[in-house]
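> Here it is: the structure, laid out below.
The values are calculated or read from the model by the stated rules, or taken from the named source; none is laboratory data. This one's a predicted model, so the numbers in the text were calculated from it and none came from an experiment. As a convention, Cβ positions derive from the backbone with ideal geometry for all residues, glycine included, and neighbour counts pool all protein chains shown.
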Amino acid sequence: MIPATPNSELKKEIDQIAKTVGIKVKVAEKPGKKLVDHLKSFDKTRKTERCNEEDCMTCKGEKNGNCRKPDIVYRIQCKECEKKKVKSHYYGESNFNAYTRGKQHISNYTSNCETTQEKSAMRKHSKEVHSDKKVDFEMKIMKTFKNDPLGRQVYESILIIDSKNNDDFPMNSKNEFNQALIVTASYKQGHSE
């Protein structure tokens, strides 16, 4: 095998020399990169660097970004509370990527519709803790769960319960705390009599 060259020039040259000398030789070029590998390099869901989008809640806070990875459990943190060393977090899970889910949270937070505002944990926090002053929030991906929605929901539940017990101002609503109760079962391995 010979290295691939544009228009197979090296292969053609070797074939011509072999033909001139009278030697039968099968010359093959090494294959290049597979098309699927080229396509993966353009796939935004595999992005690990900052996206530099102004409205990205993840990349404006995290060192490496990863805002385009789907199937996530994430944390939203109030930057104003963080400055004052006050724990105030919202935990969520989504099959969307962090950039898309963050934009949905921002849209609900900044909406003029009262019904939409009531659904926004960020807006509710802003009203209750900061006298409805506009504050900044940051999103962090806690963990990704590829093809495991149940694992994602269980992990979110654990974080919500922990937030309820340890945060100064937990941002998840009361009905989310009730949803977060996890039933566990255990058994003792042994022999039957």
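> May I ask you to say which residue of 91, 109 is closer than 24 Å to residue 52 by Cα and over 19 Å from the mean Cα position of the chain (by Cα)?
Details: 91 fails: over 19 Å from the mean Cα position of the chain (by Cα).
Criteria check complete, one pass: 109.
> Now for a different question. Give all pairs with beta carbons closer than 7 Å in which a residue from the range 124-137 that is more than 17 Å from residue 168 (Cβ to Cβ) meets a residue that is of a type in the set (Lys, Arg) and surrounded by fewer than 17 Cβ atoms within 10 Å (Cβ to Cβ); count only pairs at least 6 apart in sequence or on separate chains.
Taking only residues 6 or more apart or on different chains, the pairs are 136/79.
> Taking the range 114-167, which residues are on the phi < 0 side of the Ramachandran plot and polar (S, T, N, Q)?
115, 116, 117, 120, 126, 144, 153, 157, 163, 165, 166, listed by residue number.
> Additional query: Within the range 6-22, which residues are part of a loop (DSSP other than H, G, I, E, B) and modelled with pLDDT under 85?
If we filter the range 6-22 for residues that are part of a loop (DSSP other than H, G, I, E, B), which is where we start, we get 22.
Across the range 6-22, there are no qualifying residues.
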